[in-house]
Amino acid sequence: MKNVRLPRAVCAVVASVLRGSHDSLNALFVNSGAPLPMPDLAHHSKWKEWLFLCGTNPDCDTLTVLGNILEEFMDTEPRNPDEADRWREDRERVVRTLEENGFRYYRGGRVLPSGAPPEPAYPSSTAVSAPAPRKPTDIDELLLVLLKNLPRAMHPLTHRRRGAVSLVFSSEYDVQDLLHALLRPWIADVRPEEYTPSYAGSSTRMDFLLPVHGTVIEMKFVRDLAHAKKIGEELIVDIEHYRKHPDCDMLWCVVYDPDHLIRNPEGLKKDLEGPRSSKDGTVEVKVLVL
């Protein structure tokens with residue numbers, strides 16, 4: 001259901017339970033599908049206003065955005081016992097406010113109007129009444145879905161059931177392995193760590209080559225502030241390597257920045273995205289900062 005206008009009371013209570021820095025909440029809203037530009041407001045009022053604006057944008061699926069924003073808070077009990085009581089009170093307040101305004105939250109980040117049958121989190125292949133998700137129509141649409149949602153794919157692995165070992169995504173290899181697992185059901189020929197032709201006297205190993213689709217995925221994990229300042233330079237060098245590879249027509253540069261150390265991600269995208277040509281060839285570059 002698109003373009004549902006959220007009551008101010010719902011926006012206020014959701015904003016009141018959100019925790020995190022300004023940058024982390026900006027990223028949460030953007031990754032959840034909230035419309036841009038973001039409101040230029042103070043921390044205490046920005047989040048409720050941004051939620052309210054979702055309902056005024058005809059291209060925004062408001063309830064999906066709301067569910068994405070709430071999912072981690074609603075489904076994950078704090079590990080610190082001292083924080084658990086407050087979390088339960090806040091969670092109950094969200095549930096109560098949603099129901100008072102005609103909505104209901106379901107596990108997995110789904111918010112539906114009260115009385116609507118919940119869509120199953122994992123639809124059965126025999127269920128005929130539940131609408132199937134639309135399949136991507138091309139490789140770029142598929143990659144955009146998988147790559148943009150890498151942080152959401154990590155969530156059930158980092159917050160597992162009691163007694164199960166939680167996974168930690170603390171290095172580039174950790175994130176690459178998750179992406180590799182997500183790619184394999186969709187793409188038959190995924191080649192990790194193939195070497196590129198030499199550039200400036202050296203060659204490099206690309207993270208993933210999808211030769212049938214003429215596509216390369218390069219993953220960067222921002223380790224610290226010093227590394228964040230060098231990401232652009234590293235990607236420029238990578239682009240020169242990949243431009244010479246005969247199977248690389250499209251390059252996806254994926255920068256995973258969990259601590260929000262890149263100060264101007266939009267500037268990085270603007271500087272690098274688009275066709276990059278030289279006498280050695282042309283490659284189309286796309287940049288995602290997660």
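Residues considered: Val222, Val165, Val254. Largest GNM mean-square fluctuation over the chain, using C-alpha springs under 10 Å, is found at Val165. Looking at the calculated P(r) for segment 140-289, what percent of the C-alpha pair distances fall above 28 Å? Tail fraction, whole percent: 19.
Annotation for segment 1-31: trypsin sites (Lys or Arg not before Pro) lying in DSSP loop with at most 14 further Cβ atoms inside 10 Å of their Cβ are Lys2, Arg5, Arg19. Comparing Glu49, Glu100, Glu218 in a Gaussian network model of the chain, where Cα atoms under 10 Å apart are tied by springs, the biggest mean-square fluctuation is seen for Glu100.
Backbone geometry of segment 259-264 corresponds, through the Karplus equation with coefficients 6.51, -1.76 and 1.60 at θ = phi - 60°, to 3J(HN,Hα) couplings of 9, 6, 8, 7, 6, 9 Hz, x marking Gly and Pro.
Each semi-axis of the equivalent ellipsoid for segment 21-82 is √(5λ) with λ an eigenvalue of the Cα gyration tensor; in descending order they amount to 22, 15, 9 Å.
Mean residue ellipticity, 222 nm, helices only, the chain: the sum of -39500 (n - 2.57) across DSSP H runs of n ≥ 4, divided by residue count and rounded to 500, is -13500 deg cm²/dmol.
Our summary of shape: the Cα atoms of the chain have principal axis extents of 65, 48, 44 Å, ordered from largest down, in whole angstrom. Rounded to the nearest Hz, the phi-derived 3J(HN,Hα) couplings of segment 277-288 under the Karplus curve 6.51 cos²θ - 1.76 cosθ + 1.60 (θ = phi - 60°) are 10, 7, 5, 7, x, 10, 9, 8, 10, 10, 10, 10, where x marks glycine and proline.
For segment 238-271, backbone nitrogen atoms closer than 18 Å to the point 7 Å from His227 Cα along Cα-to-C-beta are found at 238, 253-265. Here's how it looks for Val255: its modeled amide H is under 5 Å from those of Lys220, Leu288, Val289, Leu290, which are all 5 or more places away or on a different chain. Near the amide H of Asn57, within less than 5 Å, lie no amide hydrogens of residues on another chain or at least 5 residues away, with H placed in the peptide plane. Here the chain carries DSSP beta bridges of which approximately 55% are antiparallel, counting only pairs with both residues inside. Among Ala42, Ala34, Ala15, the largest mean-square fluctuation in a Gaussian network model of the chain (Cα springs under 10 Å) belongs to Ala42.
Rounded to whole numbers, the Karplus 3J(HN,Hα) couplings from phi for segment 239-250 are 4, 5, 5, 5, 4, 8, 7, x, 9, 10, 9, 10 Hz, using 6.51 cos²θ - 1.76 cosθ + 1.60 with θ = phi - 60°, and x at Gly and Pro.
Mean projected area of the Cα convex hull of segment 135-183, taken over all directions, amounts to 3.9 nm². Ranked from largest, the principal axis spans of the Cα set of segment 8-128 equal 48, 41, 26 Å. With both residues required to sit in segment 140-289, DSSP beta bridges show an antiparallel share near 50%.
No value in this document is a laboratory result; all are computed from the given coordinates. Quantities reported herein were computed from a predicted structural model and do not represent experimental measurements. All Cβ positions, even for glycine, are placed from backbone atoms using ideal geometry, and neighbour counts span all protein chains on display.
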